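Undergrad: Could you have a look at this structure, given as structure tokens, before my questions?
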Amino acid sequence: MTNRPRRSVLYMPGANAKVLEKAKTLPCDAIIMDMEDAVAPEMKQIARETIAAALAGGGYGAREIIIRTNGINTEYFKDDLKMAVAAKPDAILVPKIESKAEVLSIDAQIRELNNGQSIDIWAMIETPRAILDIFNICSAAQTTPFKALVMGTNDLAKETGAILDVERAPFLYALSAAINGAKCFKMAVIDGVFNDIQNMDGYEWQCNQGKAFGFDGKTLIHPSQIEKCNEIFAPKPEEVAYARAIVVAFADPENAGKGVLKVEGKMAEILHRDMALKTIAIAEAIEAMQ
Ligand code: COA
Ligand code: MG
């Protein structure tokens, strides 16, 4: 599904069977079952087994399922990837990706484990080097099912020393670079998490900022963050109505051959019709999920 909604993408610690169960009742578009940052070193094998059991049991409905492995240079990666491939998620998310070669290698390893079949790859973008080489990294999408970037803003803060506040001025370059890289190859791109679960005003502000940037959605850490995120990252009813008006105007035989029209007082070009079609498709995909 090319217009799959990714408004709310909720992380959960893979070693916690209770939260994996809880996810079946939550209205998030996607779930990331984590084996990396949210799992202590001595719990990595438990996390693999817990995730495998949860996915074998099913019950996640239309929610997109993503498994996050540990980094490719860790002692855990080989076993993580083996479990993840066998569990058949919608995508495998690999942290700390820094080069195109890494993505190509992950794709080759997945096919090797999976009778030649690929599985979609998502990458965490969370190091300075990844930001500075983002176009090259994303170009791996030309030959592999490399489908999405996920911003790792906590790790970026750790690596750069930049302060991760609500407004994120020190991160504007990194966020924007990743969005532009992803969009060169029609990939999805999902914003980083908001750590201060109690601060709903700050959270809402940052969701709106992410939406304005062009992110498809936001990664989340707590169920209380889902509802606001779904609302902010969905096209507004008035946006959908205006999108439909643009499509209708361009389809009107009276406007045949015209490249630019006035719709509800605003200039609409063919590029706006293309944007309108996308808005309508996303709105319909969201409706279909409910
Ligand atoms: N996914 C699914 N369910 C979750 C959840 C999550 N990420 N976080 C909390 N819940 C559930 C709890 O299990 C609890 O369920 P219950 O009411 O049925 O008992 C309910 O939501 C309320 O949780 P709460 O008590 O407010 O939170 P907590 O103190 O148990 O957990 C965190 C707080 C931060 C530890 C937890 O939210 C968490 O682990 N978040 C994800 C962290 C993560 O994966 N990080 C990696 C990427 S940054
Ligand atoms: Mg991280």
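The values are calculated or read from the model by the stated rules, or taken from the named source; none is laboratory data. What you are looking at is a predicted structure, and each value in this text was computed from that prediction instead of being measured. Here the Cβ is made from the backbone with ideal geometry for all residues, glycine too, and neighbour counts use every protein chain on show. For accessibility, only protein heavy atoms count, side chains too; no ligands or nucleic acids. Shrake-Rupley method; radii C 1.70, N 1.55, O 1.52, S 1.80 Å.
Undergrad: List pairs: first residue in the range 166-187 and over 17 Å from residue 218 (Cβ atoms), second residue part of a loop (DSSP other than H, G, I, E, B) anywhere in the structure, Cβ distance under 7 angstrom, at least six positions apart or on different chains.
TA: 170/162; 170/163
Undergrad: Is the range 259-281 home to any residue that is in the same structural domain as residue 172 (by TED's automatic domain parsing), in contact with a strand residue (DSSP E or B) (Cβ under 7 Å, 6 or more places away or on another chain) and charged (D, E, K, R)? Before you say what the answer is, go through the steps one by one.
TA: As a first pass, look at the range 259-281 and keep what is in the same structural domain as residue 172 (by TED's automatic domain parsing): none.
Within the range 259-281, not a single residue is in the same structural domain as residue 172 (by TED's automatic domain parsing), in contact with a strand residue (DSSP E or B) (Cβ under 7 Å, 6 or more places away or on another chain) and charged (D, E, K, R).
Undergrad: Here is a further query. Is it the case that residue 147 is more than 16 Å from residue 11 (Cβ to Cβ) and without any contact (Cβ under 8 Å) to a residue 24 or more places away in the chain?
TA: On the way: more than 16 Å from residue 11 (Cβ to Cβ): yes; without any contact (Cβ under 8 Å) to a residue 24 or more places away in the chain: no.
Spelling it out, it is not the case that residue 147 is more than 16 Å from residue 11 (Cβ to Cβ) and without any contact (Cβ under 8 Å) to a residue 24 or more places away in the chain.
Undergrad: How many residues are open to solvent by 80 Å² or more (accessible area, probe 1.4 Å) and touching a Leu at 6+ places or on another chain (Cβ under 9 Å) when one looks only at the range 251-288?
TA: Final tally of qualifying residues: 1.
Okay, residues lined up against (1) part of a loop (DSSP other than H, G, I, E, B); (2) of a type in the set (Ser, Thr, Tyr):
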position	(1), (2)
105	no, yes
108	no, no
115	yes, no
136	no, no
139	no, yes
149	no, no
173	no, yes
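Undergrad: Does at least one position in the range 177-186 carry a residue that is open to solvent by 10 Å² or more (accessible area, probe 1.4 Å), within 16 Å of ligand 1 (Cβ to nearest atom) and in a helix (DSSP H, G or I)?
TA: Pass one, the range 177-186, residues open to solvent by 10 Å² or more (accessible area, probe 1.4 Å): 177, 179-180, 183-186.
Cutting the leftovers down to within 16 Å of ligand 1 (Cβ to nearest atom) gives us none.
Within the range 177-186, none of the residues are open to solvent by 10 Å² or more (accessible area, probe 1.4 Å), within 16 Å of ligand 1 (Cβ to nearest atom) and in a helix (DSSP H, G or I).
Undergrad: Right, something else. Any idea how many residues of the range 213-243 are open to solvent by 20 Å² or more (accessible area, probe 1.4 Å) and not in a helix (DSSP H, G or I)?
TA: 6
Undergrad: Any idea which of (1) within 16 Å of ligand 2 (Cβ to nearest atom); (2) open to solvent by less than 10 Å² (accessible area, probe 1.4 Å); (3) among the charged types (D, E, K, R) is the one residue 37 doesn't satisfy?
TA: (2)
Undergrad: On to the next question. Condition first: surrounded by fewer than 20 Cβ atoms within 10 Å (Cβ to Cβ) and farther than 17 Å from residue 188 by Cβ. Now tell me which residues in the range 119-144 satisfy that.
TA: Those that are surrounded by fewer than 20 Cβ atoms within 10 Å (Cβ to Cβ) and farther than 17 Å from residue 188 by Cβ: 128, 129, 132, 133, 136, 143.
Undergrad: Among 165, 133, which is the only one that is away from ligand 1 (no atom under 16 Å from the Cβ) and closer than 10 Å to residue 98 by Cα? Let's see the steps before the verdict.
TA: Details: 165 fails: closer than 10 Å to residue 98 by Cα.
It is 133.
Undergrad: Just checking, does the range 98-108 include any residue being touching a residue at least 12 places away in the same chain (Cβ under 8 Å), more than 19 Å from residue 141 (Cβ to Cβ), loosely packed, with under 15 Cβ neighbours inside 10 Å and assigned by TED's automatic domain parsing to the domain that holds residue 177? Give the steps one after another, and end with the answer.
TA: Of the range 98-108, the ones touching a residue at least 12 places away in the same chain (Cβ under 8 Å) are 98-100, 102-107.
With more than 19 Å from residue 141 (Cβ to Cβ) added as a condition, the list becomes none.
Looking for residues that are touching a residue at least 12 places away in the same chain (Cβ under 8 Å), more than 19 Å from residue 141 (Cβ to Cβ), loosely packed, with under 15 Cβ neighbours inside 10 Å and assigned by TED's automatic domain parsing to the domain that holds residue 177, one finds none in the range 98-108, hence no.
Undergrad: Another one. Please find, among 249, 243, the residue that is of a type in the set (Gly, Ala, Ser), in contact with a strand residue (DSSP E or B) (Cβ under 8 Å, 6 or more places away or on another chain) and modelled with pLDDT of 95 or more.
TA: Numbers: 243 fails: in contact with a strand residue (DSSP E or B) (Cβ under 8 Å, 6 or more places away or on another chain).
After applying the criteria, what remains is 249.
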